[in-house]
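A short reminder: the numbers here are calculations on the coordinates, not readings from a lab. Bear in mind that the values here come from a model prediction, so they are computed numbers and not experimental data. Cβ atoms come from the backbone with ideal geometry, glycine included; neighbour counts cover every protein chain shown.
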Amino acid sequence: MALANTADRYGSLSKTFHWLTALLILTLFPLGLFANNMAYELQSMSAPADDLVARTAWLFSLHKTLGVTVFFVALLRILWALNQPKPGLLHPDRKLESLAAETVHWLLYGSLVVVPLSGWIHHAAASGFAPIWWPFGQTLPLVPKSEAVAAAMGGAHWVLTKVLGVALLLHIAGALKHHVIDKDATLRRMWFGRTDVPRTSPEHKHAAPITAALALWALALSGGAALGVYAPHGDGIAVAELEEVQSDWQVQDGTLAITVTQLGSEVEGQFADWTAVISFDETVENGTAGAVEVTVAIGSLALGSVTDQAMGPDFFNSADFPTATFTADIVTVVDGYEAQGTLTIKGQSMPITLPFGLSIDGDTASMTGGLTLDRRSFGIGDNMADESSLAFAVTVDVNLTALRAASE
């Protein structure tokens, strides 16, 4: 069997690309549905079992890895097709049927690129959960870690998958129609082995099928926008409204971030809403130099793709415990300062010490600090008794800039 195409026949490489792609796509659809169903099941559980979380992540990793495989196979298939003659239509006189068939072909070719690419970009923009199984990292050039980008690409992936599914069904239906009703060689000439096929005229390229395919993609994406599928996740989570506080040192800007390790991958997140009441006297060289009281709106946490799960009853339980507090004395030490006090999360209080560095320029203070907590101390993820799914250690990083309040 010849490797390359002719005007009448597909070569063995084109056939291999076709059936390999079909096998991958027909595997990915049920795999994605099954993984999503398991994810919804996890979200509905107050305390999902550790092994169920691991199995769900494994299925998503398999889905993502096969999706990236489809992307590269599709690119190779398209590059090969661009350099090969395409066997002509067996029924070129059927103008409407030919237009429909070519439009579906363009939808399939394009979807085999944009569907896995949208999923890949969503993965790169989101934080954590179910890595792609390969040694080249989990990020993409020019794709930032962004909840908005992840949500938009996740929505696009959902919409474009539907387009691919419909196009695939129409493609299969058309092939069966040719084979069963027309009894022609359309399906046989795409199978391996020697098959008698009629001579066909070289196929002429027309703009109408491409235009129709682009219009259908645009229509589908517009429908997704109308349904709101591009909105960031977690918008329905109740967030405690924190009142403004007055302080001797007024925080101007800063970040309160955490890093957890799930399934061996770090997931970074930040609290968008928190307040700090700070009293501090930089002239004190020994002992207590001030105090701080921090209140954090738990529901304001953005933790990548696991934000909703983090708010659940077995984790932060933001519905029953909407805020966390840290009350501490600021104590001078040999190499800087420490905030020595009590951290309360989910109604459970633990003594902690936060070491930090501080620089003061006139009335402006800049602070950077961090520590590592054990999630079990606050009853977070008690159902995950080992670290195979979720590590015990949680890293907390704080930095802020504050201005000294004007003296009255």
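Lys and Arg at +1, Asp and Glu at -1: add these up for the other residues within a Cβ distance under 13 Å of residue 130 and post the number. With Lys, Arg at +1 and Asp, Glu at -1, the net is +2.
In terms of Cα atoms, the Rg and Dmax of segment 12-227 work out to 19.6, 64 Å. Pick out, from 181, 65, 390, the residue whose Cα sits farthest towards the positive end of the charge dipole of the chain, with +1 on the Cβ of Lys and Arg and -1 on the Cβ of Asp and Glu. Projecting each Cα onto the dipole axis, the largest value belongs to 181.
With viscosity 0.890 mPa s and temperature 25 °C, the Kirkwood radius over alpha carbon pairs of the chain converts through Stokes-Einstein to a diffusion coefficient of 97 µm²/s. Please determine, in degrees from 0 to 90 and to the nearest 10, the orientation of helix 147-176 with respect to the longest principal axis defined by the Cα atoms of the chain, where the helix direction is its Cα long axis. Helix 147-176 and the main axis of the chain meet at about 20 degrees. For segment 310-392, the relative contact order comes to 23 percent (Cα pairs under 8 Å, sequence separation of at least 6).
Remark: segment 107-113, residue by residue, has Karplus-estimated 3J(HN,Hα) of 4, 5, 4, x, 5, 5, 9 Hz, where x stands for each Gly or Pro and the curve is 6.51 cos²θ - 1.76 cosθ + 1.60 at θ = phi - 60°. For segment 20-120, the fraction of alpha-carbon pairs lying more than 25 Å apart is 40 percent, rounded to a whole number. Counting only residues at least eight positions apart within a chain, or on another chain, the lysines with an alpha carbon under 24 Å from that of residue 177 are 15, 86, 95, 162, 205. As a rough footprinting exposure proxy, the listed residues 337, 40 were ranked by other beta carbons within 10 Å of their own, and the order from fewest upward is 40, 337.
Kirkwood hydrodynamic radius computed over segment 87-186 comes to 15.9 Å, based on all pairs of distinct alpha carbons. For segment 218-232, the Karplus equation 6.51 cos²θ - 1.76 cosθ + 1.60, evaluated at θ = phi - 60°, returns couplings of 4, 5, 5, 5, 5, x, x, 4, 5, 7, x, 7, 9, 6, x Hz by residue, with Gly and Pro reported as x. Here the chain is assigned +1 on the Cβ of each Lys and Arg and -1 on the Cβ of each Asp and Glu. Its dipole about the Cα centre then comes out at about 3960 debye. Estimated from helices alone, the mean residue ellipticity of the chain at 222 nm is -13000 deg cm²/dmol (sum of -39500 (n - 2.57) over DSSP H runs with n ≥ 4, per residue). For the chain, the relative contact order is 15 percent, taking Cα pairs closer than 8 Å that sit 6 or more residues apart in sequence and dividing their mean separation by the residue count. Against the chain, whose longest principal axis comes from its Cα atoms, helix 12-44 is set at around 40 degrees.
Backbone geometry of segment 71-80 corresponds, through the Karplus equation with coefficients 6.51, -1.76 and 1.60 at θ = phi - 60°, to 3J(HN,Hα) couplings of 4, 6, 4, 5, 4, 5, 5, 5, 4, 5 Hz, x marking Gly and Pro. Values of log10 I(q)/I(0) for segment 207-349 across q = 0.16, 0.21 Å⁻¹ run -0.97, -1.27, by the Debye formula with one identical scatterer at each alpha carbon and no solvent. Taking every alpha-carbon pair within segment 132-256, the share separated by more than 27 Å comes to 56 percent.
Close amide H contacts of residue 249 (hydrogens built in the peptide plane, cut-off under 5 Å, sequence separation of 5 or more or a different chain): 278, 405.
Once the other residues with Cβ under 13 Å from the Cβ of residue 21 are scored (Lys, Arg +1; Asp, Glu -1), what is the net sum? Counting the neighbours of residue 21, the net charge comes to +2.
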